[in-house]
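Structure, as structure tokens:
The values are calculated or read from the model by the stated rules, or taken from the named source; none is laboratory data. Small disclaimer: the values here were computed from a predicted structure and weren't measured. Neighbour counts run over all protein chains shown; Cβ positions are idealised from the backbone, glycine included.
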Amino acid sequence: MESEPLTLHSRKSLNLRYNVPISKTSRFWDGLKEGKFVTTKCKSCGEVSFPPQADCPKCMSGEAEWVDMGTDGELLTFTYVQVTPTSFVESDPYTVAVCRLPGGQKVLAWTEGLTREQLKVGMKLRLEARTRSEGSPYYVFVLR
Amino acid sequence: MTGVAIVGIGHSKFGRRNDVSIAELAFESIHGAVEDAGIDKKQIQNVTVGSVGGWYEENVPATVVNEYAGLERVGSMRVEAACASGSAAVKNAYLSIASGEADIAMAVGLEKMTEVDTLTAVELMGRGGSYLWEFENFGMTFASYYAMFAVAHMNRFGTTEEDLARVAVKAHHYGSMNPLAQFQKEITIEKALSSQVVSWPLKLYDASPISDGSAAVILASEDTARKLTDTPIWIRSIGASSDSADMSRRDSYVGLGAAVDASRKAYSAAKIGPEMVDVANVHDCFTIAELMAYEDLGFCAKGEGAKLLRDGQTMIGGKIPVNLDGGLKAKGHPVGASGVSMMVEISKQLRGEAGKRQAPIKNGIGLVHNVGGTGHYCYVTVLSRKR
């Protein structure tokens, strides 16, 4: 049998964690804590964006207001993630969906309480806020 | 403006290449391309390295590549366009000649993804979307993104898991004839269908592998190209386009808007239509991506990709043979190298040097469709025997 080529296992390891700025979209994350889903609407041209962003991608205005985007979603597509990346190895396999909300915005999130077999394109789901044990907010789709 | 032609091609063996360092791996294709072009390496004025990086130890790869190969005092940079980095490197080399800056330039596609463990590579690719909204809370992987396209395509057009498996069977069929491919074995539909689910409905055999490899092309201006070779392969046009980072902002999940736009630009600039293309390499990072590519490129109508494949139209003897080198699926997908590897394959096809997997060449036109990320970037390059 051919022997494995010789490699040097680097002694230096690097554990990368980033400080991701969220101050300009903090209203979204604060809203989640109250179970609300808000996003940005451009005061100049009226464009509603999701994910929320302080600067309008359509007209480049920096004047945005926060609007309620509702929670009723229609399932556009989904997948069941069985091989999960390193930082999710502790998680059970999960199902991720993209749904369209009443205003036309689309949201990607895990589904909760539904098996892959139960999911059908076109079905009606609802966004719900969740809080992780360490306190950070996130959101999921559940059956409407 | 001067014409720009590919005058030299080089390609390493793709696969798990822990027998070589990143610079040694790049040298394999650089050396091949220099020999093929019949030039002295000192004639190369510009070197662009396409590589994503992060999975190998060098952070500034173009410099170690140039140093190892003795490429001195060249204009150089590394470019990144995710899995389309190779095509982006070719575009930069092309522009350096078209602008008059250089007479001979080289594009090197390079990746070494197996120096980290598999799930770390999966993570680094999964982070290739909009991090905060797709990865931080939801752990998307590359297979997951393409699985979402597959679910939408299956739902809308009746494409089946068996159709997807057929793409893999075709890839492995041609891969078995390519001595540089990572996988050189035929597979069956049954074997593909029974492989492990990675991200439903995509299975292990729907996915291109994690790979190491390099490929290089040497480009020259019109006058120099004609002096160097009797078979210059002209770059007739490069169409480039983009789409949102975040999947939730896409208009559709049954195709890639960037690919439709890039191909229109490329066809228009080359003054051709899809029916003129004799042979193509398309970006089959997952099986569903190949079917969507047929449709996005206009090889068939939207929704008819699976039928085109089932009818054998994308094999040798069909209307438009696709991925005769095994594609990313069987040849391997060292992401930064893939675009350049596709240029190497289409150059071989147009030169008539592809051996038993040679496509019939009628119009002398080949096409490279190279997607970065989940359609974040797309480059469509039209290559031709005629200027």
From the residues in region B:75-103 that are part of a strand (DSSP E or B) and surrounded by fewer than 24 Cβ atoms within 10 Å (Cβ to Cβ), which one is farthest from the chain's Cα centre (by Cα)?
B:Gly75
Which listed residue is of a type in the set (Lys, Arg) and surrounded by 12 or more Cβ atoms within 10 Å (Cβ to Cβ), from A:Arg132, A:Arg144:
A:Arg144
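Per-residue answers, yes or no, for (1) touching a residue at least 24 places away in the same chain (Cβ under 8 Å); (2) of a type in the set (A, V, I, L, M, F, W, C):
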| residue | (1), (2) |
| --- | --- |
| B:Tyr94 | yes, no |
| B:Ala98 | yes, yes |
| B:Gly128 | yes, no |
| B:Leu132 | no, yes |
| B:Met154 | yes, yes |
| B:Thr159 | yes, no |
| B:Ala165 | yes, yes |
Leading residue by the ranking (nearest to the other protein chains (Cβ to nearest Cβ)) among those in region A:60-82 that are in a loop (DSSP other than H, G, I, E, B) and over 16 Å from the mean Cα position of the chain (by Cα)
A:Gln82
Is it true that some residue in region B:29-43 is within 14 Å of another protein chain (Cβ to nearest Cβ) and surrounded by 23 or more Cβ atoms within 10 Å (Cβ to Cβ)?
no
Just checking, does region B:14-24 include any residue being among the hydrophobic types (A, V, I, L, M, F, W, C), outside any loop (DSSP other than H, G, I, E, B), within 14 Å of another protein chain (Cβ to nearest Cβ) and surrounded by 20 or more Cβ atoms within 10 Å (Cβ to Cβ)?
yes
Which condition from (1) surrounded by fewer than 24 Cβ atoms within 10 Å (Cβ to Cβ); (2) facing chain A (nearest Cβ under 9 Å) is the one that B:Glu134 breaks?
(1)
Counting only residues that are in contact with an Asp or Glu (Cβ under 9 Å, 6 or more places away or on another chain) and either under 13 Å from B:Val116 (Cα atoms) or β-branched (Val, Ile, Thr) (or both), how many does region A:1-11 have?
2
Residues that are over 14 Å from B:Asn137 (Cβ atoms), within 18 Å of the chain's Cα centre (by Cα) and assigned to a loop (DSSP other than H, G, I, E, B), drawn from region A:83-119
A:Asp92, A:Pro93, A:Leu101, A:Pro102, A:Gly103, A:Gly104, A:Gln105, A:Gly113, A:Leu114
For A:Leu125, which of the numbered conditions (1) surrounded by 21 or more Cβ atoms within 10 Å (Cβ to Cβ); (2) within 23 Å of B:Ala245 (Cβ to Cβ) fails to hold?
(2)
Among residues belonging to region B:245-268 that are free of Cβ contacts under 8 Å to residues at least 40 places away in the same chain and more than 14 Å from chain A (Cβ to nearest Cβ), point out the one that is surrounded by the fewest Cβ atoms within 10 Å (Cβ to Cβ).
B:Ser268
Count of residues meeting criterion [within 16 Å of B:Glu290 (Cα to Cα) and crowded, with 24+ Cβ neighbours inside 10 Å] in region B:173-191
2
Which one of B:Gly375, B:Gly355 is within 29 Å of B:Ser252 (Cα to Cα), modelled with pLDDT of 95 or more and not basic (Lys, Arg)?
B:Gly375
Take B:Ser244 and tell me if it is small (Gly, Ala, Ser) and over 30 Å from B:Val198 (Cα atoms).
no
Listed by range, helices (runs of 4 or more DSSP H) wholly within region B:273-387 having at least 1 residues that are under 12 Å from the mean Cα position of the chain (by Cα) and within 19 Å of B:Ser214 (Cα to Cα) are B:327-331, B:335-351
Hey, does region A:115-124 have a residue that's under 26 Å from A:Glu47 (Cα atoms) and more than 9 Å from chain B (Cβ to nearest Cβ)?
yes
Looking at (1) closer than 21 Å to B:Ser130 by Cα; (2) in contact with a Leu (Cβ under 9 Å, 6 or more places away or on another chain), which one does A:Lys58 not meet, given that it meets all the others?
(2)
Does B:Ala269 count as outside any strand (DSSP E or B), within 18 Å of the chain's Cα centre (by Cα), closer than 22 Å to B:Gly86 by Cα and at pLDDT 95 or above?
no
Hits in region B:346-367 (condition: surrounded by 14 or more Cβ atoms within 10 Å (Cβ to Cβ) and not polar (S, T, N, Q))
B:Ile346, B:Lys348, B:Leu350, B:Arg351, B:Ala354, B:Arg357, B:Ala359, B:Ile361, B:Gly364, B:Ile365, B:Gly366, B:Leu367
Name the residue that is nearest to the chain's Cα centre (by Cα), counting only residues in region A:10-22 that are facing chain B (nearest Cβ under 9 Å) and among the hydroxyl-bearing types (Ser, Thr, Tyr).
A:Tyr18
If you scan region B:350-387, which residues turn out to be touching a Lys or Arg at 6+ places or on another chain (Cβ under 9 Å) and of a type in the set (A, V, I, L, M)?
B:Leu350, B:Ala354, B:Ile361, B:Ile365, B:Val380, B:Val382, B:Leu383
Could you check region B:204-244 and list, in sequence order, the residues that are within 14 Å of chain A (Cβ to nearest Cβ), in a helix (DSSP H, G or I) and hydrophobic (A, V, I, L, M, F, W, C)?
B:Leu204
Please work out if B:Met148 is more than 8 Å from every other protein chain (Cβ to nearest Cβ), in contact (Cβ under 8 Å) with a residue 40 or more places away in the chain, assigned to a helix (DSSP H, G or I) and over 21 Å from the mean Cα position of the chain (by Cα).
no
Could you identify the single residue in A:Thr7, A:Thr40, A:Thr25 that is free of Cβ contacts under 8 Å to residues at least 40 places away in the same chain and more than 11 Å from chain B (Cβ to nearest Cβ)?
A:Thr40
I need the full set of residues from region B:151-174 which are of a type outside the set (A, V, I, L, M) and within 14 Å of another protein chain (Cβ to nearest Cβ), in order please.
B:His153, B:Asn155, B:Arg156, B:Phe157, B:Gly158, B:Thr159, B:Glu161
Would you confirm whether or not region B:31-50 contains a residue that is touching a residue at least 24 places away in the same chain (Cβ under 8 Å), farther than 30 Å from A:Leu16 by Cα and acidic (Asp, Glu)?
yes
